[in-house]
Amino acid sequence: MLKKLFQSFRSPLRRAQHPRSTPEVLSSRQHSLTHSQISRHAVSVVERLQKAGYEAYVVGGCVRDLLLNYTPKDFDVATSATPEQVRAEFRNARVIGRRFKLVHVHFGREIIEVATFRANHPQGDDEEDSNQSSRNESGRILRDNVYGTLEDDAQRRDFTINALYYDPSTERILDYARGVKDIDNHLIRLIGVPEQRYQEDPVRMLRAIRFAAKLDFDIEKHSAEPIRRLAPMLREIPSARLFDEVLKLFLSGVAEETFELLLEYDLYAPLFPASAKALEQRPEYAGSLIRQALANTDERVHLGKPVTPAFLFAALLWPALPARVLQLQDRGLPPIAAMQEAAHTLIVEQCQRTAVPKRFTIPIREIWDMQERLPRRHGKRADLLLENPRFRAGYDFLLLRESAGEETDGLGDWWTDYQEASDSERRAMIRDLSGKDDAGGAPRKRRRGGNRRRRGPQDGAPSSAD
Ligand code: ATP
Ligand code: MG
């Protein structure tokens, strides 16, 4: 009891955005959202649940995005019905999740996610039953599986702009946390006491950055203030969840802006420690390679072209390789072995932070290996490389390295020409290589002395073909 009292003294209550138990109700004339903008499947789910006597609303990101004239990624529904009650209403519904159950209602390729209203576990509630604790010592919520009322559900959401409930049958929006005002003012604001809400779930710090970048909003100052201080808490988050978040951060079309914000709020280092260290040690080279990779990713996303997380991770981690390769070479490993070992440990370490699945770690290695092979073009090697399914990614990666200032003796241009050349031109190009150092053969022994030192860690590639 006393603990709770003191906690409330410590909390900056006056500054916090506390949800009200009665929402502001916006009639259809007071907002721009129309019934026809909502997925008809989401509308039919809501109407069906309402007909069955439950409360149901379209909620979250889709309401926010539509008010801002963005196309929502998907449509979520929140309801007073339990998952079993929801499932009983639909033939095409599946309950997913074990601890926290959700229902997916399938309409062809569209899935409407239906969540039962949830409540926060109030802080300090765990004392009676420490075995069933829903929070850890730092306040992080471990279980989030208590059902609640609509008001509870609004309160447990992260940002005011994400706590808007739209009822398609009345066309009204229920706004419990002044989210519409924050949308008008372009502000990301946590509901409740910011420090406590980040402690409950540190991933909310990443979500604040993601929405700020995606919507081009500012993070309201009290919501921004604790982030740098609490950034190290990301280390406690399961690596699989962080991997998913990183993909959302970097594959949403605003990766460049997101990266700058992650750096500004000290959130990049807990996600990518080795890459952050390389950025510190070689800001110009690492910064330009990473920024260029992110700009290319954004461009591809906007053009609707596929993007692979493997290429992205290959680029984010590449600047961390040279120092490690050199270290291993100094311990006596030959160049190729040093590169293999450095690549392996770098990826293993990264997976401890963000669990990169094997289907991506293998192509990361292949893209890096390709950097070793692209300079060696003699005989049939160039043609064999062209046929390699990873050639395109390896070649794009080479161009990326060059754009960051790596000196490759025109290798990128050579490969560009080679791809466009006729058979006879190709043979001539290979003949012309004869004099070149790295045209074929076994990897050269590391040179002792100045050259390696100058070109190794300072301006580029961990490649043995330096
Ligand atoms: P996006 O456009 O990226 O899908 P979104 O706001 O819909 O954005 P989701 O991750 O789909 O984000 O989550 C749906 C809703 O669930 C959010 O709008 C928010 O209300 C709530 N939510 C999601 N994650 C959290 C969290 N970590 N803490 C509190 N509420 C959350
Ligand atoms: Mg969503």
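The values are calculated or read from the model by the stated rules, or taken from the named source; none is laboratory data. What you see is a predicted model; the values in this text were computed from it and never measured. Cβ atoms come from the backbone with ideal geometry, glycine included; neighbour counts cover every protein chain shown. With ligands, DNA and RNA removed, areas are computed over all heavy atoms of the protein, side chains included. Shrake-Rupley method; radii C 1.70, N 1.55, O 1.52, S 1.80 Å.
The table for this structure:
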| read-out | value |
| --- | --- |
| Checklist (1) surrounded by 18 or more Cβ atoms within 10 Å (Cβ to Cβ); (2) farther than 15 Å from residue 212 by Cα applied to residue 277, failing item | (1) |
| Residues within the range 221-243 that are more than 18 Å from the chain's Cα centre (by Cα) and open to solvent by less than 20 Å² (accessible area, probe 1.4 Å), tallied | 4 |
| Helices (runs of 4 or more DSSP H) wholly inside the range 365-423 containing at least 3 residues that are closer than 22 Å to residue 321 by Cα and open to solvent by 50 Å² or more (accessible area, probe 1.4 Å) | 391-403 |
| Residue in the range 167-183 that is open to solvent by 40 Å² or more (accessible area, probe 1.4 Å), assigned by TED's automatic domain parsing to the domain that holds residue 39 and under 21 Å from residue 119 (Cβ atoms) present | yes |
| Subset of the range 58-74 [open to solvent by 10 Å² or more (accessible area, probe 1.4 Å), near ligand 2 (Cβ under 7 Å from one of its atoms) and part of a helix (DSSP H, G or I)] | 61 |
| Members of the range 336-359 found to be open to solvent by 30 Å² or more (accessible area, probe 1.4 Å) and either outside any helix (DSSP H, G or I) or under 22 Å from residue 268 (Cβ atoms) (or both), listed by number | 345, 348, 349, 351, 352, 353, 355, 357 |
| All positions within the range 51-77 that are among the small types (Gly, Ala, Ser) and more than 9 Å from ligand 1 (Cβ to nearest atom) | 52, 53, 56 |
| Sole residue being over 26 Å from residue 227 (Cα atoms) and in a helix (DSSP H, G or I), chosen from 279, 321 | 321 |
| Those residues of the range 283-335 which are more than 24 Å from the chain's Cα centre (by Cα) and either under 30 Å from residue 214 (Cβ atoms) or open to solvent by less than 70 Å² (accessible area, probe 1.4 Å) (or both), in sequence order | 322, 323, 324, 325, 326, 328, 329, 332, 333, 335 |
| Residue under evaluation residue 206, criteria (1) surrounded by 21 or more Cβ atoms within 10 Å (Cβ to Cβ); (2) without any contact (Cβ under 8 Å) to a residue 40 or more places away in the chain, criterion not met | (2) |
| When residues of the range 159-211 are limited to those that are basic (Lys, Arg) and away from ligand 2 (no atom under 16 Å from the Cβ), the one nearest to residue 253 (Cα to Cα) | 189 |
| Selection status of residue 171, modelled with pLDDT under 95 and over 26 Å from the mean Cα position of the chain (by Cα) | no |
| Whichever residue in the range 244-254 is under 9 Å from the mean Cα position of the chain (by Cα) and in contact (Cβ under 8 Å) with a residue 40 or more places away in the chain and, among such residues, is surrounded by the most Cβ atoms within 10 Å (Cβ to Cβ) | 250 |
| Within the range 75-99, tally of residues that are over 11 Å from residue 114 (Cα atoms) and within 16 Å of ligand 2 (Cβ to nearest atom) | 1 |
| Residue match in the range 85-96 (condition: within 16 Å of ligand 1 (Cβ to nearest atom) and out of contact with any Gly (no Cβ under 9 Å at 6 or more places or on another chain)) | yes |
